[in-house]
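The values are calculated or read from the model by the stated rules, or taken from the named source; none is laboratory data. From a predicted model like this one, the values you see are computed outputs, not experimental measurements. Every residue, glycine among them, receives a Cβ derived from its backbone with ideal geometry; neighbour counts consider all protein chains shown.
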């Protein structure tokens, strides 16, 4: 029986991992997957050795705070790589700081590595491409401009399209948010998207709450919706929200993130994969992000892109407003959302720009293409042992 070790440290990775597992199981139903993931990967048949929420943190200070949990998870995976029943392959999904270190041990253990969702070397530390080429056998790139970064290096890099297109095709249009929440027709609905990492909540949720209060002062009829990812279900968000704020919490198991976004007139969101999910739904948004001051100071020295939101990075320009660190204050964020609610021409412009981003993301079927890459990698390694 083939054994595949797979590591997805975030909610988006859990989604991509579950799709890959399902596609690969269709080719080789006897394969056993085990590793780091969430509910979706578990439902797809993966044995979860470490829940992804234990390692899903971002920022230097945040990593230090959660280091014991991260270290224990890393040691668990090392034991699998060096154990008596070594996996036929290691599949790494995004999460580069953790995963590239694990890739080094896989190489020492003689386990081939498939990296799904290329580390964003185009955003920071571009010199990493040579390191990645040394440690990784095959890399599935989700943006069309990524393969050329690895030109001339000894690594199999293929553009496979963005995995969100598969999710969007299967999950969108299932439920109507406003009907489910019994929101009266004509009332404005604003989505408040705090992200999927527990470590983000302290920096993000308070800002969202104060911003929502300022919006209500200007537009008392506004309703708010907060989607809850699997990694945040035990985070006690309901207790952190004031009782007098007109807000509904929605589990994304009940209504997909796309249908939540589609039911909103505007969304205030953290940066990350979620901005592309909102883009596919076609909803105008404003993006913000805050880190611990030390983490931000370090990150600012490393990041080499003009924009923080993936939707703007794909577009190559700022099509939706971004607010970072000190700029991400309730005064500016509330003004941005109120502007999106009131300016019909701006709404139309953003929707047209988001439709163009959708076209740039490629075609559905990425999970099947990655499963094919994994199959080739496993078979190649088995042939070398014969």
Identify the residue in segment 188-201 that is within 21 Å of residue 286 (Cβ to Cβ) and surrounded by fewer than 20 Cβ atoms within 10 Å (Cβ to Cβ) and, among all such residues, is modelled with the lowest pLDDT.
-> 201
Report yes if residue 319 is at pLDDT below 95 and surrounded by 15 or more Cβ atoms within 10 Å (Cβ to Cβ), otherwise no.
-> no
Would it be correct to say that residue 45 is in contact with a strand residue (DSSP E or B) (Cβ under 7 Å, 6 or more places away or on another chain), assigned to a helix (DSSP H, G or I) and under 24 Å from residue 70 (Cα atoms)?
-> no
Residue that is buried (at least 18 other Cβ atoms within 10 Å of the Cβ), closer than 28 Å to residue 191 by Cβ and outside the structural domain of residue 306 (by TED's automatic domain parsing), where the choices are 166, 137 = 166
Can you confirm whether segment 202-214 contains a residue that is at pLDDT 95 or above, buried (at least 21 other Cβ atoms within 10 Å of the Cβ) and under 26 Å from residue 327 (Cα atoms)?
-> yes
Scan segment 356-382 for residues that are farther than 21 Å from residue 22 by Cα, in contact with a helix residue (DSSP H, G or I) (Cβ under 9 Å, 6 or more places away or on another chain) and surrounded by fewer than 15 Cβ atoms within 10 Å (Cβ to Cβ) and jot them down.
-> 356, 360
Please go through segment 7-17 and pick out each residue that is closer than 15 Å to residue 50 by Cα and in a helix (DSSP H, G or I).
-> 11, 13, 14, 17
For helices (runs of 4 or more DSSP H) lying entirely in segment 126-187, having 2 or more residues that are under 30 Å from residue 222 (Cα atoms) and modelled with pLDDT of 90 or more picks out 164-171, 177-181
